[in-house]
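One structure is given below, encoded as C-alpha cells.
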Amino acid sequence: MPELGKQLGHRFVFLLSVARSFFRAALDFVYPPFCLLCGAYLEAKEELICGSCWQALPLLTQPLMPVANLHILAGVPAWFDESIAVYQYSPSAQELIHQFKYFGMQGLAKELGRKVGERIVQHNLAGEIDAFVPVPLHSQRLRERGYNQAELLARQAGEMTGVPCWKDALMRIRYTQPQAAMNREERRSNIHGAFSVKAGSEIGRSRIALVDDVLTTGSTMNECARVLRQAGAVSVMSVTAVRV
C-alpha cells in the first residue's frame, strides 16, 4: 500500500506538471511571452509590454492643460474644460494603443488605467470628479470588438482613485465610420449627433471625467462633452492615456 501511494503521488505530480505546462502554453497563446513593442522576451512579472518599453514611452511634460492651451479644436467652441493625459503621441504610443484597441490586448488596460489614475492623484483631481464616464461604442462596434477600451480604462482609473465609473451614462445612438483617415472637418461631421445621455442618469450637476484612449483632434471628446454639458454636467474633464 505505501508503494501504491507513492506511485499515485508521483502520478499526481506528473499530471500537475502537465497541466501547468498546458496552462502556460494556452496563456502564451493568448498573451504571447514577447513584448508587443520590441519583441523582447518578457520576464516572469511582465505582461504584454516589457519594462524597458514602458520606460521609453514619452511622458507629457504638461499632463494637465486647460482646453484653451491645446490648440486642437481650431475655432470650434470647447465643451470640456481641461485635458489630463499620460503619454505624448509617438509611434510607440500609437502602436501600444492599436494593440489595446484593435488587437484584443485588453490586459493593457490594467497598466494604462493605473497610470491615468496616478496622474489624477498627482494633480489632486480625484476630489474634483464625481464620476468617470467612458466614451461609448455603438452596440454594433461593441459586438465586433468585444469590449470598449475606454470603459476598461475608466474602470481601472476608478479603482486607482476611488471615483465611480458610470459606464452606461453616455450612449452612442448612431453608428459612425472609423475616423482614423478623416480630416478635422470630416471627423466633426461624422460624430455630430452620435451621442445621448441615458435617461435617469445622474449627469445633472455632476463633475465628469470623460475617458478615452487618445485625444487627437478632440472631435469625439468635444461632442461627448457637449451632450454631457447640455444634460447639466457642471464640468467635463478630458481623461486619456495619450494626447497628441
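The values are calculated or read from the model by the stated rules, or taken from the named source; none is laboratory data. What you see is a predicted model; the values in this text were computed from it and never measured. Every residue, glycine as well, gets a Cβ built from its backbone with ideal geometry; the counts of neighbours run over all protein chains shown.
Please verify whether segment 197-207 includes one or more residues that are more than 17 Å from Pro136 (Cβ to Cβ), part of a strand (DSSP E or B) and basic (Lys, Arg).
Scanning segment 197-207 turns up at least one residue that is more than 17 Å from Pro136 (Cβ to Cβ), part of a strand (DSSP E or B) and basic (Lys, Arg).
Please work out if Arg243 is surrounded by fewer than 21 Cβ atoms within 10 Å (Cβ to Cβ) and either closer than 27 Å to His71 by Cα or of a type in the set (Lys, Arg) (or both).
Judged against the criteria, Arg243 is not a match.
Quick one: is Gln7 modelled with pLDDT under 60 and among the polar types (S, T, N, Q)?
It is true that Gln7 is modelled with pLDDT under 60 and among the polar types (S, T, N, Q).
Could you check, for segment 192-212, whether at least one of its residues is in contact with a helix residue (DSSP H, G or I) (Cβ under 9 Å, 6 or more places away or on another chain), of a type in the set (Lys, Arg), over 19 Å from Val67 (Cα atoms) and without any contact (Cβ under 8 Å) to a residue 60 or more places away in the chain?
no
Kindly indicate the residue of segment 191-233 that is surrounded by 17 or more Cβ atoms within 10 Å (Cβ to Cβ) and among the polar types (S, T, N, Q) and also farthest from Trp79 (Cα to Cα) among those meeting that condition.
Looking at the filtered set, the residue picked out is Ser201.
Glu186 versus (1) among the acidic types (Asp, Glu); (2) farther than 20 Å from Arg229 by Cβ; (3) at pLDDT 90 or above: which is the lone unmet condition?
(3)
Output yes when any residue across segment 37-57 is among the β-branched types (Val, Ile, Thr), closer than 13 Å to Met237 by Cβ and crowded, with 16+ Cβ neighbours inside 10 Å, and no when none is.
no
When segment 138-151 is examined, which residues are found to be farther than 21 Å from Gly193 by Cα and assigned to a loop (DSSP other than H, G, I, E, B)?
Once the filter is applied, which keeps residues that are farther than 21 Å from Gly193 by Cα and assigned to a loop (DSSP other than H, G, I, E, B), segment 138-151 yields Gly146, Tyr147.
Where the second residue is part of a strand (DSSP E or B) and the first is over 12 Å from Arg119 (Cα atoms) and lies in segment 58-70, which pairs have Cβ atoms under 7 Å and are six or more apart or on separate chains?
Listed by first residue and then by second, the contacts come to Pro58/Tyr87; Pro58/Gln88; Met65/Glu82; Met65/Ser83; Pro66/Glu82; Val67/Glu82; Val67/Ser83; Leu70/Ser83.
With respect to Ala154, is the statement that it is hydrophobic (A, V, I, L, M, F, W, C) and outside any loop (DSSP other than H, G, I, E, B) true?
Against the criterion (hydrophobic (A, V, I, L, M, F, W, C) and outside any loop (DSSP other than H, G, I, E, B)), Ala154 qualifies.
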